[in-house]
Amino acid sequence: MLTPVEIQNRMFKSGGLGYDKKDVDGFMKEISDSYEELYREKMELTDKVNVLNEGLQYYKTIEKTMQKALILAEKTADETKAAAQKTARQIEDEAVTKSQLIVSDAKRELERLHQQTVQLLQQYETYKAQFKSLAAAQIQLLESESFQINMAFLPQPTFPERKISEAESQRHKQEEEELPKLDFSFVDVASEER
């Protein structure tokens, strides 16, 4: 592309029968001015396009960064969701396992208590039968002839009379006389204190 300076400095050869130099120079001046204005506008527009292209590149870079961040966020969200679901499944599995162990232990304890109850009932029935047998034996013993006691069969007690001899009577009297005589005289304690 020609610059305005090149157009202004362009010289034409003059010939004998050529164009009028003033008209050609005036027209060239007009063309040069118009071209200079167009050239300046083109340069300004080129600068604007460059600035806009730089801005566009900046925004494209931001867009790419945002897309990468969005993709990373989606990936992170998916990973977090998958990890949470995995953890939830593990917790659920552990809870199911623990509940099965608890139920199993409870069943074993119930069976143990049932067996213990059956044994206690069997012991109760055994003790009851033994007690009935003992009571029946005691009743039979009480009803036997050995325990048949009537007042009619009770003999009257007899006590032999004892006679005290003259010698014994004498001895009792002598023992009474030998006993010391005690004097039981009363003393007025209140009068002695005065």
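The values are calculated or read from the model by the stated rules, or taken from the named source; none is laboratory data. Quick caveat: nothing in here was measured; it's all calculated off a predicted structure. Quick reminder, even Gly has a Cβ in these numbers, built from the backbone with ideal geometry, and neighbours come from all protein chains shown. For accessibility, only protein heavy atoms count, side chains too; no ligands or nucleic acids. Shrake-Rupley method; radii C 1.70, N 1.55, O 1.52, S 1.80 Å.
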inquiry  = Give me the extension gain from Ser146 to Gln8: residue separation times 0.36 nm, minus the current Cα-Cα distance, reported in nm with one decimal.
reply    = 32.8 nm
key: Exposure of His114 as accessible area (Å², to 10), given a probe of 1.4 Å and all protein chains   = 110 Å²
Partners for Lys68 among lysines (Cα-Cα distance below 21 Å; same-chain residues under 8 apart left out) = Lys60, Lys81
key: Over segment 44-137, equivalent-ellipsoid semi-axes from the Cα gyration tensor in Å   = 88, 6, 4
Ser165 versus Lys48: modelled label distance in nm, points set 7 Å from Cα along the beta carbon direction = 17.5 nm
message = On a straight-distance basis, which lysines could pair with Lys98 in a cross-link, Cα separation under 16 angstrom, same-chain partners fewer than 8 positions away excluded?
response = Lys107
inquiry  = Cross-link candidates for Lys22: which aspartates and glutamates have Cα within less than 15 Å, leaving aside residues fewer than 8 places away along the same chain?
reply    = Glu30
